[in-house]
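Working notes for the structure below.
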Amino acid sequence: MPTPRCRGTVTLSHFEFELEHTDTGSSARAGIWKTPHGAVETPAFMPVGTLASVKGLTPGQLRQVGVQKVLANTYHLALRPGPEVVADLGGLHGFMSWDGPILTDSGGFQIFSLAKLRKLDENGVKFRSHLDGSLLELTPESAMRIQEQLGADCIMCLDECPPADAPREQMLAAVDLTTRWARRCRDAHQRDDQALFGIVQGGIDREMRERSAETLLPIDFPGYAVGGLSVGEAPPQMYETLDFTVPILPEDRPRYLMGVGTPTDLIEGVLRGIDLFDCVMPTRNGRNALAFTSLGKLRIRNEQFKLDESPLDPECECPTCQQFTRAYLRHLFMVKEMLGPILLSWHNIAFYQKLMRGLRQAIREDRGGEFRSVQLARWNASS
């Protein structure tokens, strides 16, 4: 049954999540999540810094466009430079000179994405490094130890993320293994200045999602993530899965949709009650000459922009749009200057942050549905 709509605060050790307002026309929530390295206004989008760097951008550039929190990757940092090195250099905050909140995933997504390079059993997962073939073993206990050394504010349980088309028997096995691993992660986790999130799995199967959530909730994590989406299912299937998954999760804890997604996905997720998002999409697309704008996607390599003196997005106040023309940005990509991917990545991150600010304001004014309709109409009109 859905939890009652309310305004409230939950305090857990060094963390506090305050639910400020729920949109009257949807399940969208505005809140504040206080962490040891600062507060995050939710809903919020986290840029992905897989190797302790959001590709091409400095921490100062991220702050300049409103980024509150970033994500780093446990699997990749365990390989290079190693968690001991990061710990010796001040943890991720000191190592990457980011003074705000950081989230690390557990390596669970690599169980999905590097399926051909790993062996999975009850104890954990063994990877053959995609770099040199060396062995890396992740268990719930070692995933906690590595993430404690990395020192992020928010860390994730090790989980199994099955593909969207996995047979039901495989999905059930992954759900139950994820719960058993979650208990081991909770028992192994020692730092009280880190919030450990449980991860709900189950693909697009309602029974599996309910089973996963109902077995994780008694463990009483300070936050819950919805994993295993955006792994091959169609967007309507993702949204339907959120419709029956999110209401099961505690209303007084942050809810995190992992690895999602497009601007439309963010709006749809927020209106269904999601608080936190991450995705490589704004930077990966920026590096490949695709910009997200107030009027939809723009492919800057197109010939039509060769003499275009207008800004990338006339409604954007980011440094890229305030200083450079579409013609110049196109030129940078055509001659393969590294500044081009940097400037488009910077703009795309700014666009995502502006989108989340707009959503937060719309929620507080009880017009979440109106915000969705207006934005989708503008983007669809230009597609």
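Throughout, read-outs are computed from the coordinates displayed, never taken from laboratory work. All values derive from a computational prediction rather than experimental measurement. Ideal geometry is used to build each Cβ from the backbone, glycine not excepted, and the neighbour counts take in all protein chains shown.
Measuring between alpha carbons in the structure, the pairs from LYS126/LYS336; LYS55/LYS297; LYS119/LYS336; LYS306/LYS354 lying more than 29 angstrom apart are LYS126/LYS336; LYS119/LYS336.
Where Lys and Arg each count +1 and Asp and Glu each count -1, what net charge lies around GLY66 among other residues with Cβ under 13 Å from its Cβ? Spelling it out: positives minus negatives among the neighbours equals +3. Per-residue ellipticity at 222 nm from helix content only, as computed over the chain with -39500 (n - 2.57) for each DSSP H run of at least four residues, stands at -12000 deg cm²/dmol. Ranked for footprinting exposure by Cβ neighbours inside 10 Å, fewest first, SER373, SER53 give SER373, SER53.
Note on the chain: the alpha carbon radius of gyration divided by the globular reference 2.2 N^0.38 Å gives 0.97. Per the Debye formula on identical point scatterers at the alpha carbon atoms of the stretch 200-328, with no solvent, log10 I(q)/I(0) at q = 0.14, 0.17, 0.19, 0.20 Å⁻¹ is -0.70, -0.86, -0.98, -1.05. Partners of LYS69 within straight-line reach, counting aspartates and glutamates whose Cα lies under 14 Å from its Cα and excluding those fewer than 8 residues away in the same chain: GLU41, ASP99, ASP105, ASP153, ASP275, ASP278.
Across the chain, Cα pairs under 8 Å and at least six residues apart give a relative contact order of 18 percent.
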